[in-house]
Amino acid sequence: MGQPLSNLSVSGFKSIRSLNNFGLGKLNLLIGANGAGKSNFVSFFRMLRAMSEEGLASFVTENAGADGFFFGGPKETPEIEAHLKFGRNEYRFALAPTASMKLMVKRESTLYTAGGDWEHHVGGGTESLLKQWKGKSSKWGPYPGPESYVYEAVASWLVYHFHDTSTTAGMRRDHSIRNWRELQPDAANIAPFLFRLKTKHLEYFEKIRETVQIIAPFFDDFLLESEDQGGNEVVRLEWNQKGSSYPYQPWQLSDGTIRFICLATALLQPAPPSTIVIDEPELGLHPFALDVLAGVMRDAAERTQLIVSTQSASLLNHFEPEEVIVVDRDEGASRFRRLEAAPLAEWLKDFTLGELWQKNVFDGGPSHE
């Protein structure tokens, strides 16, 4: 079982020159101007996911090579370092550039905080050892060792990004009915995932459907029926509207509606990742849908840790100051600061939190360096 992230230190990663011992709670809303570094914070979690799947080399290639990962380039920053704390375990690693524009995992260390010392693991390759630690036994007995818990934690953190809602997006196409085990980061397998919920977790399926009906009153139900295509059973996100049995196709859903379906499914699934990271969930959503989404997010935070990057003042209005992390720039580097309620108490008697952000009362807007 994975553990949510309680504390994070990162140095030298993209615009994050230094983030030291930063605490994360159950609900964390990142706000800030364009270019402040919110997306780079999210990108760090994408990299962690790739590391847990032995996909770091591919991740680096897909993101234009290693040099862009280092603050100010590899000459200014020779190493990326990170220290993560979760449950009773800690994980540290360092990455260095290679001559071939790849990242080398220079060192990795694990710690069980209830006893024992740091375990240092030999590095030097272009992939992390994380996946090799899956199910690894302790050297002290026949039970999981710290490395196993570290892998389970990191592998259970997932970044969702539902930006691509084009007609060729995976969420609008046929998918194998067997592809249901985990909702993919882009929700490409939304149809088989919902099909599985309908057959095995009806209570959660109905909650998702009812939530979608709140923001799309015309929507009646998902029509999820498998179809044989040359020996491969597939399913697509068909649906019908109230008062009609006509099966509408997934490409007939508006961008905002299908994106909300993906968000609701990610947040209301029966066994969510221990940490869910969502990048700009407000895209394409009506203000009323944002109000509903905020409530779903708060409910979800009772079952999983949420880290959400947003530009929406309307969404911000639904959260408390202590749940908000302001991201801005200081001498070219990203700076992260959690809001405090006390200095804003008088302001909040007359204004919402979103209005205070728009008025630049607590920064988080464009700034001149």
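Beta bridges per DSSP, both residues in the chain: antiparallel share near 75 percent.
Partner aspartates and glutamates whose Cα lies under 14 Å from the Cα of Lys359, excluding those fewer than 8 positions away in the same chain, are identified as Asp350. Orientation-averaged projection of the chain equals 21.6 nm² [convex hull of Cα atoms, one quarter of hull surface area]. Normalising the average separation of contacting C-alpha pairs (under 8 angstrom, six or more residues apart) by the number of residues puts the relative contact order of the chain at 19 percent.
Report the percentage of all Cα-Cα pairs in region 238-369 whose separation exceeds 25 Å, rounded to a whole percent. Of all Cα-Cα pairs in region 238-369, 39 percent lie more than 25 Å apart. For region 63-103, the alpha-carbon coordinates run over 37, 18, 15 Å along the three principal axes, in decreasing order.
Residues whose amide H lies under 5 Å from that of Tyr160, counting only those 5 or more places away or on a different chain, are Val277, Ile278, Asp279; hydrogens are built 1.01 Å from N in the peptide plane.
Could you tell me which of the pairs Lys106/Lys136; Lys102/Lys134; Lys26/Lys102; Lys134/Lys200 are separated by over 23 angstrom between their Cα atoms in the structure shown?
Correct reply: Lys102/Lys134; Lys26/Lys102; Lys134/Lys200.
Roughly how many Å is it from the Cα centre of region 277-335 to that of region 151-175, as a whole number? Cα centroid of region 277-335 versus Cα centroid of region 151-175: 19 Å apart.
Computed from backbone phi with θ = phi - 60° and the Karplus coefficients 6.51, -1.76 and 1.60, the 3J(HN,Hα) list for region 299-311 is 5, 5, 5, 6, 10, 8, 7, 10, 10, 10, 9, 8, 10 Hz; x is used for glycine and proline. Summing charges over all other residues whose Cβ lies under 9 Å from the Cβ of Ser109, with Lys and Arg as +1 and Asp and Glu as -1, gives -1. The phi torsions of region 44-50, fed into the Karplus equation with coefficients 6.51, -1.76 and 1.60 and a -60° offset, translate into couplings of 4, 6, 5, 5, 4, 4, 4 Hz, rounded to whole numbers, with Gly and Pro shown as x.
For a straight C-alpha distance cut-off of 23 angstrom, the lysines reachable from Lys198 (same-chain residues fewer than eight places away being disregarded) are Lys207, Lys242.
In this structure, Gln229 and Ser166 have a Cβ-Cβ separation that, at R0 = 25 Å, corresponds to a calculated FRET efficiency of about 0.65. Against the compact-protein benchmark of 2.2 N^0.38 Å, the Cα-based radius of gyration of region 204-282 scales to 1.21.
Does region 1-131 come out rounded, prolate or oblate, given a ≥ b ≥ c as the square roots of the eigenvalues of its C-alpha gyration tensor, rounded meaning a/c under 1.5 and, failing that, prolate meaning a/b above b/c? Here region 1-131 falls in the oblate category.
Bear in mind that the values in this text are calculations on the coordinates, not laboratory data. The model shown is predicted, which means the values in this text are computed figures rather than measured ones. When we count neighbours, we look across all protein chains shown, and the Cβ atoms used for this are built from the backbone with ideal geometry, even at glycine.
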